[in-house]
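**Student:** Below you will find the structure I want to go over with you.
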Amino acid sequence: MPAMVGLRGYVPGMAGDQELHGPGPERERLPCPDTLETCDQCGVLITDGTERHGSVPDSSAIHPTQPAWDGRRMVVACSLDHLRRLHAQARPFIDAELWAGKLLRALKEARRADQIEVSVAELLDAAGLTPQQMLTAVRWLERYDHDGS
Ligand SMILES: [Zn+2]
């Protein structure tokens, strides 16, 4: 990579024994911070762009702004095998937990918008829940005493 030639010998932490042996293969392919990924299964650092991206079901995963992405957790794996393992090890999906997360996000949004009062109808609309789902979510929150702080 010609763009990196000028950096040789000036990268902090890279000087040392390698300096004596000349630039090795690692020196030629210095990882770019933007492409560094860690396998969620084995923790290996992936620096060559061969990582596999996927998502696993996760009822605790609530996207800050995109309800369509709720219930899915993005994962990175070093191989297809580790991506499959992450799928196989996914925690049990609990609908009530997902609905509780949607409800808490809607309440947080109302607070951020300085709304002093929120009607149940507004909350249902903002959370995208049915009345039964909201009731189940509230019961789940009460049972597990999540204070959100
Ligand atoms: Zn891995």
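The values are calculated or read from the model by the stated rules, or taken from the named source; none is laboratory data. Worth saying up front: this structure is predicted, and the values here are computed from it rather than measured. Glycine gets a Cβ as well: all are built from the backbone with ideal geometry, and neighbour counts include every protein chain shown.
**Student:** Just checking, does the range 63-75 include any residue being of a type outside the set (D, E, K, R) and closer than 18 Å to residue 38 by Cα?
**Tutor:** Among the residues of the range 63-75, at least one is of a type outside the set (D, E, K, R) and closer than 18 Å to residue 38 by Cα, which makes the answer yes.
**Student:** Can you tell me which residue within the range 48-59, out of those that are part of a loop (DSSP other than H, G, I, E, B) and within 13 Å of the ligand (Cβ to nearest atom), is surrounded by the most Cβ atoms within 10 Å (Cβ to Cβ)?
**Tutor:** Among those that are part of a loop (DSSP other than H, G, I, E, B) and within 13 Å of the ligand (Cβ to nearest atom), it is 51.
**Student:** Looking at 95, 125 in this structure, which one is under 15 Å from residue 59 (Cβ atoms), exposed (fewer than 15 other Cβ atoms within 10 Å of the Cβ) and acidic (Asp, Glu)?
**Tutor:** On the way: 125 fails: under 15 Å from residue 59 (Cβ atoms).
Matching residue, one of 95, 125: 95.
**Student:** Going by the structure shown, is residue 95 within 16 Å of the ligand (Cβ to nearest atom), modelled with pLDDT of 95 or more and of a type in the set (D, E, K, R)?
**Tutor:** Here the answer is no, as residue 95 does not meet what is asked.
**Student:** Taking the condition in a loop (DSSP other than H, G, I, E, B), more than 9 Å from the ligand (Cβ to nearest atom) and either closer than 28 Å to residue 126 by Cα or not assigned by TED's automatic domain parsing to the domain that holds residue 112 (or both), does residue 68 pass?
**Tutor:** Details: in a loop (DSSP other than H, G, I, E, B): no; more than 9 Å from the ligand (Cβ to nearest atom): yes; either closer than 28 Å to residue 126 by Cα or not assigned by TED's automatic domain parsing to the domain that holds residue 112 (or both): yes.
Answer is no for this residue.
**Student:** Would you pick out the residues in the range 64-84 that are crowded, with 17+ Cβ neighbours inside 10 Å and over 26 Å from residue 49 (Cβ atoms)?
**Tutor:** As a first pass, look at the range 64-84 and keep what is crowded, with 17+ Cβ neighbours inside 10 Å: 70-71, 73, 75-78, 82-83.
Matches in the range 64-84: 70, 71.
**Student:** Residue 100 is checked against (1) under 30 Å from residue 45 (Cβ atoms); (2) touching a residue at least 40 places away in the same chain (Cβ under 8 Å); (3) surrounded by 19 or more Cβ atoms within 10 Å (Cβ to Cβ) and fails just one. What number does that condition carry?
**Tutor:** (1)
**Student:** List pairs: first residue in the range 34-54 and touching a residue at least 24 places away in the same chain (Cβ under 8 Å) and β-branched (Val, Ile, Thr), second residue near the ligand (Cβ under 10 Å from one of its atoms) and in a loop (DSSP other than H, G, I, E, B) anywhere in the structure, Cβ distance under 6 angstrom, at least six positions apart or on different chains.
**Tutor:** The qualifying pairs are 44/78; 46/78.
**Student:** When the residues of the range 80-139 are filtered to those that are outside any helix (DSSP H, G or I) and among the charged types (D, E, K, R), which remaining residue is nearest to the chain's Cα centre (by Cα)?
**Tutor:** The selected residue is 91.
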